[in-house]
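See below for the structure under consideration.
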Amino acid sequence: MKKIIFITLLLVSISGFSQYHTTYDWSDTPTINKINSDESKESSIAILKKKIIEFSQSEITNDIAVFETTHNIIRVNNEAGVARHTQIYIPMYRVNKIVSLKARTITKDGKVTDLDENNIKQIENVDDYGDFQIFAIEGAEIGSEIEVLYTLKKDYSPFGSESFQTDYTIQRAEMVFITNNLLGQIKTYNTDQEFERTYLDNILVEELVISNILPVATEDYAATDANKIYAVYQCFGNPDLTQDNLWNNTVGNVASNFFPEKTSKIVIEEIKNNIMKDESIDISDYKKAMLIDNYVKSSYNVVENNNPQLEDIEFILQNRTASDYGILKAYAHFLKAFEIEYEVVVTANRYSHRFDPEFYNPNALREFLIYLPTLKQYITPDRLDYRLSEAPSYILGNFGVFIQKDMGYYFAKITQYDPDYSRVQRVMDISFTDDFDKVIVDESQEYTGHWSILYRALMTYYTGQDKEDVKDQLTGSGIEDKHTTKFEVVNSDMNQTEYNVPYIVNSTIESSALIEEAGDSYIFKLGTVIGVQSELYQEKERANPIEMQYPNQYNYTITVDVPKGYTLEGLESLEIHKELVVDDEKLCYWKSGYTLKDNQLIITIEEAYKVNDFPKEEYEGFRNVINAASDFNKAAILFMAE
């Protein structure tokens with residue numbers, strides 16, 4: 001009798017609500033679906049991509065389980081499509097049970113081949129992505145459809161996301177979100193389609209249907225992953241939980257960890273004996289902050305490890321080793337000791353996630369910065385290359401939550417304070433050997449801002465061929481038979497203490513490939529000396545908004561010695577002027593021109609990008625500016641014998 005009561009209670013506990021996934025099924029009479037001529041040219045397309053996320057709470061234990069159903073129908077149109085879709089991987093992360101699993105192949109002639117369950121295997125830790133259930137699809141051939149339907153019971157997590165876009169066309173994408181009276185919300189991104197509340201099998205659900213989703217467009221100057229169509233959801237057992245509660249909880253956790261009430265004695269000793277050993281007491285806050293950043297990055301190791309000691313401040317200070325999260329605690333103690341005001345910023349890499357202040361998503365809370373409001377500069381704790389600076393390029397332009405020591409917080413876009421922060425200035429003096437056999441380029445370059453951060457780090461940490469490749473970039477990439485006779489750098493030390501110190505490169509190269517004999521005349525490939533340039537030639541309509549790494553500007557002065565007895569032709573190719581103006585604001589431009597003075601040709605170039613993001617509607621104007629640099633790179637002039 002007790003067993004009967006227990007079983008009855010168990011059934012009640014897991015079925016207080018009807019569960020939609022238990023009745024959902026595929027068609028008993030499958031047929032091949034129609035596709036259009038364009039779709040038939042693709043290697044594969046999805047006829048259906050469907051996901052059902054269903055939360056269910058036990059009436060006895062109040063435990064919450066998540067049932068996740070996946071239903072895909074894929075048409076394979078060639079051998080590549082067959083090869084791609086006949087090996088199925090089911091990730092087992094957080095999965096405690098496979099509730100159901102079936103698959104089948106329907107050929108274009110209507111023959112159906114069902115999955116042999118004996119073919120299902122479990123593989124552990126596939127390429128460090130965790131465990132997978134895998135199986136091979138049998139009977140697939142060109143023109144057939146592969147249908148897979150399975151439901152997983154997963155450990156409860158209140159947060160999740162689902163992407164609806166991949167690298168092939170999806171005829172129909174569906175998602176059903178079911179909370180069964182738990183508190184839940186779901187939000188779509190990068191689409192005008194929204195979830196609609198409806199009933200399926202008398203169950204209240206949120207349903208999304210999107211038709212004809214194009215493949216992800218791989219484009220230059222785009223945050224491709226962040227621009228995919230996706231949804232983010234939440235589901236809680238607590239009916240009173242709000243977005244403010246979630247943010248307050250995060251802020252409280254951060255504030256308790258990164259705003260210490262008192263400074264460790266170890267930090268005081270390190271400041272006295274190391275950081276301030278050779279410094280005067282009255283140095284600026286900027287220099288103090290830079291000294292802290294340099295010291296921590298030169299003396300502490302950041303390691304990827306789940307050891308909890310790596311987040312314990314005493315262990316961190318004593319062993320000078322921390323996790324990427326724990327290292328923030330070390331910075332906090334040093335900043336407090338110097339009495340420098342700071343805020344902790346939690347945000348996301350803008351190329352993978354858009355930070356949304358209105359919808360709490362822990363996947364968009366993966367990056368930490370330290371903001372110094374009086375200096376308007378950032379410390380990037382887990383990056384050796386970035387020292388006290390503007391925000392890193394992969395975060396610049398995203399939103400973040402700025403957390404203060406009193407547990408106050410605010411949301412703000414992470415912007416660049418100094419509009420002229422990143423600049424490249426190049427001065428070239430070009431001459432020729434007496435017989436026009438070689439071109440000699442003496443060059444001085446100054447890189448500031450993100451450019452100096454990049455090259456200072458690459459030339460410091462790279463070795464061997466990698467370092468030689470960087471030197472090639474710094475002496476005019478794309479020049480055949482280039483011989484570098486001089487290469488020296490100035491301000492190469494990673495531990496700078498002044499604001500935006502330029503990284504300076506002085507070089508001399510020789511090349512015969514830049515000059516070509518043409519009878520009594522010579523063709524000089526002048527544009528090649530600026531190095532290989534980006535170019536945008538895209539026939540399809542632009543899909544993504546335009547995103548540059550950061551605002552920047554280039555200034556070139558190229559002086560060419562003209563040997564006696566020669567005149568110049570083709571100078572018109574050096575005059576290029578392109579610009580993009582939106583609402584009376586010049587967002588980017590290229591302007592090159594020349595003057596002749598005595599026996600010298602003097603070319604000046606100014607190229608600038610004042611913002612790092614542009615609307616996709618302005619792509620044509622942006623492309624014209626980008627391509628102006630590529631057009632100049634192809635410019636050549638003729639030395640005519642008089």
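Working from Cα positions, state the angle (0 to 90°, nearest 10) between the long axis of helix 619-633 and the longest principal axis of the chain.
Long axis of 619-633 versus the principal axis of the chain: about 40 degrees.
How do 270, 304, 517, 642 rank by accessible surface area computed with a 1.4 Å probe, from largest to smallest?
304, 642, 517, 270
With everything on Cα atoms, drop me the angle between helix 2-14 and the longest principal axis of the chain, reported from 0 to 90° to the nearest 10.
For 2-14 against the chain, the angle is about 40 degrees.
Tell me, what is the percent relative contact order of the chain, built from C-alpha pairs under 8 Å that lie six or more residues apart?
Working: 1329 pairs, mean separation 56.7, N = 642.
Value for the chain: 9 percent.
If the limit is 29 Å between Cα atoms, which of 376/486; 413/471; 329/376; 228/376 go over it? Numbers along the way, then the final one.
Working: 376/486 38 Å; 413/471 36 Å; 329/376 21 Å; 228/376 32 Å.
Where the Cα-Cα span goes over 29 Å, the pairs concerned are 376/486; 413/471; 228/376.
For segment 520-587, how many pairs of lysine residues have a Cα-Cα distance under 29 Å, where the two are 8 or more positions apart or belong to different chains?
Working: 525/564; 525/578; 540/578; 540/586; 578/586.
The result is 5.
Direction-averaged shadow area of the convex hull around the Cα atoms of the chain, nm²? Please list the in-between numbers first.
Values: hull surface 156.7 nm².
Projected area, direction-averaged: 39.2 nm².
Assign one of three labels to segment 274-397, namely rounded, prolate or oblate, based on the Cα gyration tensor with a ≥ b ≥ c the square roots of its eigenvalues; rounded applies when a/c is under 1.5, prolate when it is not and a/b is larger than b/c, and oblate otherwise.
Details: a/c = 2.13, a/b = 1.31, b/c = 1.63.
In terms of gyration-tensor shape, oblate.
With bins 10 Å wide starting at 0, give me the P(r) of segment 264-339 over every alpha carbon pair, in whole percents.
19, 54, 22, 4, 0
So, how do all the Cα-to-Cα distances of segment 74-171 break down into 5 Å bins, in percent, from 0 on up?
Result returned by the calculation: 2, 11, 19, 21, 20, 15, 7, 3, 1.
Which of the peptides 480-493, 309-322 is most tightly packed, and how do the rest follow, judged by the mean count of other Cβ atoms within 10 Å per residue?
Working: 480-493: 12.6, 309-322: 17.4.
Put in order of decreasing packing, that is 309-322, 480-493.
Can you tell me the 0 to 90 degree angle between the C-alpha axis of helix 243-258 and the longest principal axis of the chain, rounded to 10?
60
Starting from the Cα of residue 277, draw a straight line to each of the aspartates and glutamates and keep only those under 20 Å, dropping any in the same chain fewer than 8 residues away.
The reachable aspartates and glutamates, counting only those whose Cα sits under 20 Å from residue 277, are 269, 285, 293, 339, 493, 498.
For segment 222-304, what is the accessible area per residue in Å² when the probe is 1.4 Å? Can you show the working numbers first?
On the way: 4200 Å² over 83 residues.
On a per-residue basis, segment 222-304 sits at 51 Å².
If you average the sequence gap of Cα pairs under 8 Å that are 6 or more apart and divide by the length of segment 67-149, what percent do you get for the contact order?
On the way: 152 pairs, mean separation 39.5, N = 83.
This gives 48 percent for segment 67-149.
Does segment 458-577 come out rounded, prolate or oblate by the C-alpha gyration tensor, with a ≥ b ≥ c the root eigenvalues, rounded set by a/c under 1.5 and, if not, prolate when a/b is larger than b/c and oblate if not? If you can, show how the numbers build up before the last one.
On the way: a/c = 1.92, a/b = 1.25, b/c = 1.53.
Judged from the Cα gyration tensor, segment 458-577 comes out oblate (a/c at least 1.5, b/c at or above a/b).
Is segment 151-227 rounded, prolate or oblate when judged by the Cα gyration tensor, a ≥ b ≥ c being the square roots of its eigenvalues, rounded requiring a/c under 1.5 and prolate requiring a/b larger than b/c? Can you show the working numbers first?
On the way: a/c = 2.25, a/b = 1.76, b/c = 1.28.
Prolate.
How much accessible area does residue 329 have with a 1.4 Å probe, in Å² rounded to the nearest 10?
30
I'd like to compare 123-132, 539-548, 198-207: which one has the highest average count of other Cβ atoms within 10 Å, and what's the full order after that? Please list the in-between numbers first.
Numbers: 123-132: 10.9, 539-548: 16.0, 198-207: 13.8.
With the highest mean Cβ count within 10 Å placed first, the list reads 539-548, 198-207, 123-132.
Which loop-located trypsin sites (Lys or Arg not before Pro) does segment 372-418 contain, where loop means any DSSP state but H, G, I, E or B and the Cβ has at most 13 other Cβ atoms within 10 Å?
Values: sites: 376, 383, 387, 405, 413; in loops: 376, 383, 387, 405.
For trypsin sites (Lys or Arg not before Pro) across segment 372-418 that sit outside H, G, I, E and B with at most 13 neighbouring Cβ atoms in 10 Å, the list reads 376.
Would you pull out the residues with amide H under 5 Å of residue 99's amide H, same chain only if 5 or more places away, H placed 1.01 Å from N?
Long-range HN contacts for residue 99: 151, 152, 153.
Over segment 540-642, what is the relative contact order in percent, taking alpha-carbon pairs closer than 8 angstrom and at least six residues apart?
Working: 183 pairs, mean separation 41.1, N = 103.
Result for segment 540-642 is 40 percent.
Quickly rank 239-249, 522-532, 86-96 as a protection proxy: mean count of other C-beta atoms within 10 Å, highest first.
Ranked from most to least packed, the peptides come out as 522-532, 86-96, 239-249.
Tell me, what is the per residue accessible area of segment 487-628 in Å², probe radius 1.4 Å? Please list the in-between numbers first.
Working: 7030 Å² over 142 residues.
I get 50 Å² per residue for segment 487-628.
So what is log10(I(q)/I(0)) for segment 194-346 at q = 0.08, 0.09, 0.21 1/Å, when the Debye sum runs over its Cα atoms only?
Debye output, listed in q order: -0.45, -0.54, -1.30.
Based on DSSP H runs of at least 4 residues, each adding -39500 (n - 2.57), what is the mean residue ellipticity at 222 nm of the chain after dividing by all its residues, to the nearest 500 deg cm²/dmol?
Working: 11 runs with 116 residues, N = 642.
Rounded to the nearest 500, it is -5500 deg cm²/dmol.
If I compute solvent accessible area with a 1.4 Å probe over the protein chains, what percent of it on segment 143-212 is carbon and sulfur? Let's see the in-between values first.
Details: 1120 of 3200 Å².
Within segment 143-212, the accessible surface is 35 percent carbon and sulfur.
From Cα coordinates alone, what are the radius of gyration and Dmax values for segment 141-188 in angstrom?
Looking at segment 141-188, its Cα Rg and Dmax stand at 15.0, 46 Å.
The values are calculated or read from the model by the stated rules, or taken from the named source; none is laboratory data. Computed from a predicted model, the values in this text were never measured in an experiment. Cβ coordinates were reconstructed from backbone atoms using ideal geometry, including for glycine residues, and neighbour counts include every protein chain displayed. We work out accessible area using only protein heavy atoms, side chains counted, and drop any ligands, DNA or RNA first. Shrake-Rupley method; radii C 1.70, N 1.55, O 1.52, S 1.80 Å.
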